[in-house]
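Take a look at the structure below.
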Ligand SMILES: [Zn+2]
């Protein structure tokens, strides 16, 4: 829907995100030029579109903190496998055949689905990210987009130095865009060496860009890290000086570094591991949302 459409939501319960998380019942909301103009009871504004929200809630846009949006095309292709096998045997081989236009259509489908279910911003990692940006613009959703960086190459760019160069260009191209925020995307500690990670950290400082990385996604990743570095992934990343307030880590609930009383400095995380219901998860989740609310994503 175009930004110039005036919308009046009536008689809904507003779920605020203020400090007390108040819920204000039976309220009207008038939206003009894409912004909330008025909130109150019995608003009489003329609007192009009126939606009766009685019995419904009015919430801020949802933020999906971890996606690979073009993978909508691969839904159902391989399920119920260990991550490593899933990636190596199924996903990476088929992804190596994807072309830019496939990525565009996969992202377009994802963007439409997200908007339809209330998501207004998402943090994505994939390749051919200009195509994902194009899909975002077409649908009108905010994309925090990170071209994935993997030492063994992506279907778009093989050499890791070239990938980093391309990421810099991507940042320069999209910086300041109304909907697109370019982000750096080192895939993980098993796909990026220490040197690569530190170079990416340097680029993030130079360009003032966020970093999106998988951390401790599986038990295997944690065990491998302990074997190879003598540390869990979060400790390793902290030890090499990678962690900073620009880093958004996906999945780190599996990393018990926090629980052992070794909370790493400046760690900011987001979480997708829905299986772990713990205070820790909630805290991590709140931190992640906090980063976005405070600094980066307009709600
Ligand atoms: Zn992921």
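Going by C-beta contacts inside 10 Å, put 174, 92 in order with the fewest on the left.
Final ranking by Cβ density, sparse to dense: 92, 174.
Taking 0.36 nm per residue of separation and subtracting the current Cα-Cα distance, fully stretching the chain between residue 90 and residue 161 would add 22.9 nm. The distance from the alpha carbon centre of region 39-55 to that of region 205-231 is 48 Å, rounded to a whole number.
With neighbours defined as other Cβ atoms within 10 Å of a residue's Cβ, the residues 53, 111 order from fewest to most as 53, 111.
In terms of surrounding Cβ atoms within a 10 Å radius of their Cβ, 244, 192 rank from fewest to most as 244, 192.
Packing order of peptides 178-186, 57-65, highest average first: 178-186, 57-65 (average count of other Cβ atoms within 10 Å over each peptide's residues).
On the beta carbon distance between residue 80 and residue 194, with R0 = 35 Å, the FRET formula returns roughly 0.55. Protection proxy ranking for 17-23, 165-171, 221-227, using the average of other Cβ atoms within 10 Å per residue and placing the highest first: 165-171, 221-227, 17-23.
Read-outs: derived from the displayed coordinates by stated rules, not from any lab. Source: prediction; values computed, not measured. Positions of Cβ are backbone-derived with ideal geometry, glycine not excepted, and every protein chain shown enters the neighbour counts.
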